[in-house]
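These notes concern the structure reproduced below.
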Amino acid sequence: MEYFIGALKKYADFTGRARRKEYWMFWLIYTVINIVLALLGLDIISIIFGLALFVPSISIAARRLHDTGRSGWWQLILFIPLIGFIVLIVFLAQDSHDANDYGVNPKSDAFA
């Protein structure tokens, strides 16, 4: 849950880097909450929840792409049907790069 709250604290922070675990835990919790809301029949609350987390989801994806050495603008590849989704998933699942233009590797000891 700390990853979800951490992403909300960095609501519109498109700078820096996000580790793979931080990104995927955010999406796991986001998905579970949406499924629970849908099962309870709270569709309107689910829509409001999705709209409220639209900017944080874009910002954490941008930080995740920064961690792989790519610009956050790579998210626009989603506008290419099917292929764009697959390519973006591959980019988001890749391991962190060493220090790059976006900062120090979050997994390194120098960051702590």
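What to note about this one:
- Some residue of region 86-95 being surrounded by 15 or more Cβ atoms within 10 Å (Cβ to Cβ), in a helix (DSSP H, G or I), of a type in the set (Gly, Ala, Ser) and modelled with pLDDT of 90 or more: no
- Candidate set from region 63-87 (those that are aliphatic (A, V, I, L, M) and closer than 19 Å to Thr15 by Cα); member that is nearest to the chain's Cα centre (by Cα): Leu65
- The C-beta contact set for region 31-47 (first residue under 20 Å from Ser57 (Cα atoms), second residue acidic (Asp, Glu) and loosely packed, with under 13 Cβ neighbours inside 10 Å, distance under 9 angstrom, 6+ apart or interchain) comprises Leu37/Asp43.
- Among the conditions (1) over 14 Å from the mean Cα position of the chain (by Cα); (2) of a type outside the set (S, T, N, Q); (3) at positive phi, the only one that Gly16 does not satisfy is (1).
The values are calculated or read from the model by the stated rules, or taken from the named source; none is laboratory data. This is a predicted model, so every value here is computed, not measured. Backbone-built Cβ (ideal geometry, glycine too); neighbour counts: all protein chains shown.
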